[in-house]
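These notes concern the structure reproduced below.
The values are calculated or read from the model by the stated rules, or taken from the named source; none is laboratory data. Treat the numbers as computed from the prediction; the structure is a model and nothing was measured. Neighbour counts are summed over all protein chains in view; Cβ atoms, including those assigned to glycine, are modelled from backbone coordinates with ideal geometry.
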Amino acid sequence: MKRQLHLELLLGREVFKADGEKAGRIEEVVAEQRNGEWIVKEFLIGTFGVMERFSIHHFGSTILRRLGAKGASPSAQRVKWNDLDLSDPDRPRLKS
């Protein structure tokens, strides 16, 4: 059975870890076209996902570090499509 969701409704949704802690927001969806259908491959979550969306990742990373950000990941958190529980699209959860 194929399952369809409106991606525009997922963008910006807070994603929660399995323990209920916040993991970040869905900032970008990576998909590819196969046989005329779009297939979601992964979701980009968190601050660096925003920067990747606007293609300012390297510039944004430099600015954040100069402003004193420490421990910031150099890339967006990438979550494979099947590692995200979307059974409740209003409250997406990481499976592990």
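Values for this structure:
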quantity	calculated
Residues located in the stretch 15-29, provided they are free of Cβ contacts under 8 Å to residues at least 40 places away in the same chain and touching a strand residue (DSSP E or B) at 6+ places or on another chain (Cβ under 9 Å)	GLY20, LYS22, ARG25, VAL29
Test set (1) at pLDDT below 90; (2) among the charged types (D, E, K, R); (3) surrounded by fewer than 13 Cβ atoms within 10 Å (Cβ to Cβ); (4) touching an Asp or Glu at 6+ places or on another chain (Cβ under 8 Å) - LYS95 fails condition number	(1)
Top-ranked residue of the stretch 33-62 - restricted to ones that are more than 16 Å from the chain's Cα centre (by Cα) and at pLDDT 85 or above, ranked as nearest to PRO89 (Cα to Cα)	TRP38
Residue in the stretch 68-87 that is at pLDDT 60 or above, surrounded by 10 or more Cβ atoms within 10 Å (Cβ to Cβ), over 10 Å from the mean Cα position of the chain (by Cα) and among the basic types (Lys, Arg) present	no
